[in-house]
Every structure is written in structure tokens, then in C-alpha cells.
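Undergrad: What follows is a structure written as C-alpha cells; I'll ask about it next.
The values are calculated or read from the model by the stated rules, or taken from the named source; none is laboratory data. Owing to the predicted nature of the structure, the values given are computational and were not obtained by experimental measurement. Don't worry about glycine lacking a Cβ; one is built from the backbone with ideal geometry, like all the others, and counts go over all protein chains shown. Note: areas computed on protein heavy atoms with side chains; ligands, DNA, RNA excluded. Shrake-Rupley method; radii C 1.70, N 1.55, O 1.52, S 1.80 Å.
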Amino acid sequence: MLNFTHTTLGQRVLFGSGIAADHLVDEVERLRSKSVMMITDGQQQQLARELAHQISKAFVYDGVAPHVPIEAAEAARTLAASHDVDLLVSVGGGSATGLAKAVALTSGIPVVAIPTTYAGSEATNVWGITERSNKTTGIDDRVLPVSVIYDVELTYTLPTDLSVASGLNALAHCVDSMWAPRVDPINQAIASEGIRALAAGLPEVHRAAQEAGGREQVLYGAYLSAVAFASAGSGMHHKICHVLGGAYDLPHAQTHAIVLPHVLAYLAPAAPTAADRIADAFGTQDALSGLLALRETIDAPRALRDYGFDESVIEDAARLILPAIPPSTPRPVTIGDLSGLLHDAWAGAVPTTEMSKK
Ligand code: NAD
């Protein structure tokens, strides 16, 4: 029997190609904003300036840094207060969205997000701030962007390798949603469609990064993945990557891309129904071979050692991760299991499991 509690977050989603400027103008008018702060990183600054040019009373702030250092959050909060800002517009990846959320967290100023990667932060009410190498995350509805403007054209400049890693970060949201603490049939349905869209789009993005078809599917899949993740919460995969990113300063998207197949290989045998849904979404015999085939096609990153993760810290990392593993995880996890998994991810081993076969 179906028996579940599901929360759907309220947000306006505007999706299309070449539509960012027009939709931003409309949103600023709809929200009756008088002072707009555009938050972006150095790379997306030109784009943010072009968008800011379309609206009056907007200024661009490019103080974004990875993982939202508290100093960056406080500087942005002070600036927003001194300009009587009544609307924050983030332009960029998860780091830009994250800084806008940090300002919204203490001020309640609404955020309009214009994402340029597949990180998905724009569709969640999760914030993160880093203080002395320690990243704290929390949930607060004030940080959920009131509107998201997805413009496929803004993703064309994202380099292919980063697109692949970021797209697999989105795929990780979908896979983890299948057994995260607040998993329910709605999250699973959204995650399944997310996997289908990402698996269809990523090979196209890898083949032709400047063409609309693949980009469109991946951006759509990234949105779905974040909706599922926001509702289902962080599963084992996200807990592992959170520790690796925070404690060892590993790059966010690449870490997710590398760790995901190892977690799927570990959990799929213990959750055959969820694994079957993942396999169906990939259109393959079993979940793991679907992911491994995709990984092969798009030349995904394989080994944490290529991103500065040191073999000597594996045991310590396993000890940090273990207490964070959610009770909803479908298979028991020990320090030894985590060390083995991290070692395989460090080395770039091909994960296998007999039991994951349908
Ligand atoms: P990012 O925002 O740091 O961007 C990575 C790099 O890509 C940057 O150098 C950026 O300048 C560049 N870039 C972005 N868009 C580009 C484009 N279109 N063309 C060329 N270059 C572009 O990284 P990310 O992976 O997007 O986001 C990671 C961050 O988001 C992490 O801090 C992570 O914790 C956070 N995140 C938060 C949530 C949440 O729900 N709160 C969800 C997912 C990710």
C-alpha cells in the first residue's frame, strides 16, 4: 500500500533557449524590485553585466568563491544591506547560487537564479557555508529561489569535461534520491525521468557541446534531479562526497562523478526494486551497467587520485563518513566497506557486483 508524506517546494520555473534577458526583465517587474544585486563569479561576469544592462537599478557583484566561505557571505550581506537590495539574481553555477542563498538566509531577500551548470542548487532549499574548512549545510525555505530561469544557451560555454562531471553530479542526485531518508514514490518518479533525460542528453553534449538537443535534455534532467534530491534528502552518496569536498577540498562535480558508480555498485544489490527503476531509466539490463556504459561513452572522470585525494587519508575519511550514513541506507555500512569503496574510487577501479543484475 502507498503511504507517504511528500513536500513539494513552490517555485516558478522558466525554461527555454535565448530567453534569459526577457524573463529576467519580466521577473524584476513581477516582483516589483527597485534594487537588484546580480551575484556571479569572475567567469560569468560578462554575462551578468549584459543581463544587468537590461534592467534599471541593478549592479553586479562578482565575489563568488567555491563552497561559500563565510567571509564572502558576510561581504555580500553587507553590500546588499548598504544598497537596500530587494532582489538577488544569481548568474552562474552552484557557487554563485550558494552565495545568493547565503545572503537570503539572513536577510530574507528573494532570489532569482539563472544557472549555468547542472549543479541543481537553484531548485533546493539547502544552503551551505564554509568556515575554517568546515562546511555547514542547512535547510531553510528563505533560500529557495522564487524563480529559476533556465536558458540552454548559457550552458554552451561550459567546457565538455566540466559539463560531463556536472551532469553526473545531477545524475547522482537522482540515484541517491532512490534510497535517501525521505524517499517516496513521487521523488522516485521524478528521479527516474531525470536519469532518462541525463542519460539521453549527456552523450550528445559530449559529442557536440554547442548543439541544443543534448544541452536541453541535460539541463531539464538537472532540474528534475534537484527537485527529487530536495525532497528526498541526502543519501549515502552525498554524505561521502560532502566529507570528501569539505575535509579534503576535492572538486564538487568531479568527486560526485567518480564516487557514484561505486556507491551504486554497493547499494543496488540491497535495493533491487529501486535498482530496477534506475536500469529502466537507463534502458539497460541492470543499473550498474547502464551507468558504466554512460561513463564510458562520455569519458567521465574515474579516479580521485587524479584530483589530489591522497591514499593515506582513506581510513580517516571513512571514519568521518560513517556517522553521517543515513539509517535509510538499504545496506549496512562499516568502516571497512567505506575504506574499500574509497580505495576503489581513489584508484579508478571499475566497480562490479554480481548481485546488481536483474
Ligand atoms: P561552480 O559554481 O563552482 O562552477 C564551476 C566552474 O565552472 C567555475 O569556475 C565557474 O566559473 C565555471 N562555470 C560555470 N558556468 C559556466 C559556463 N556556462 N561556462 C563556462 N564556465 C562556467 O560549481 P558547480 O559544480 O556548479 O557548483 C558546486 C557548488 O554548488 C558546491 O559548492 C556545491 O556544494 C553546491 N551545490 C549546492 C546544492 C544545494 O542544494 N545547496 C546542490 C548542488 C550543488
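Undergrad: Using the C-alpha gyration tensor of region 279-358, what are the square roots of 5 times its eigenvalues, in whole angstrom, with the largest one first?
TA: 24, 19, 10
Undergrad: Mind checking region 150-241 for GluC sites (Glu not before Pro) that DSSP puts in a loop (not H, G, I, E or B) and that have at most 15 other Cβ atoms within 10 Å?
TA: Hits after loop and neighbour filter: 211.
Undergrad: Cα atoms only: what Rg and Dmax, in Å, come out for the chain?
TA: In Å, with Rg to one decimal and Dmax whole: 19.6, 60.
Undergrad: Sticking with this one: Accessible area, 1.4 Å probe, largest first: how do 135, 57 sort?
TA: Values: 135 60, 57 135 Å².
Of 135, 57, the descending order of accessible area is 57, 135.
Undergrad: Now for a separate question. What are the semi-axes of the equivalent ellipsoid of region 107-220, taken as the square roots of 5 times the eigenvalues of the Cα gyration tensor, listed largest first and rounded to whole Å?
TA: Here the semi-axes work out to 25, 18, 14 Å.
Undergrad: Roughly how many Å² is the accessible area per residue of the chain, as a whole number, for a 1.4 Å probe? Numbers along the way, then the final one.
TA: On the way: 14730 Å² over 358 residues.
I get 41 Å² per residue for this part.
Undergrad: Which of the peptides 77-90, 246-259, 163-176 is most tightly packed, and how do the rest follow, judged by the mean count of other Cβ atoms within 10 Å per residue? If you can, show how the numbers build up before the last one.
TA: Details: 77-90: 19.2, 246-259: 21.6, 163-176: 28.8.
In descending order of packing, they fall as 163-176, 246-259, 77-90.
Undergrad: Still on this structure: For region 196-281, report the translational diffusion coefficient in µm²/s to the nearest whole number, using Stokes-Einstein at 10 °C, 1.306 mPa s, and a Kirkwood Rh over Cα pairs.
TA: 110
Undergrad: Give me the count of lysine pairs in the chain whose alpha carbons sit under 20 angstrom apart, restricted to pairs 8 or more positions apart or on different chains.
TA: So the count of such lysine pairs works out to 4.
Undergrad: Give the carbon-plus-sulfur fraction of the accessible surface of region 231-345 in %, rounded to a whole number; probe 1.4 Å, heavy atoms of protein chains only.
TA: Carbon and sulfur: 50 percent of the exposed surface of region 231-345.
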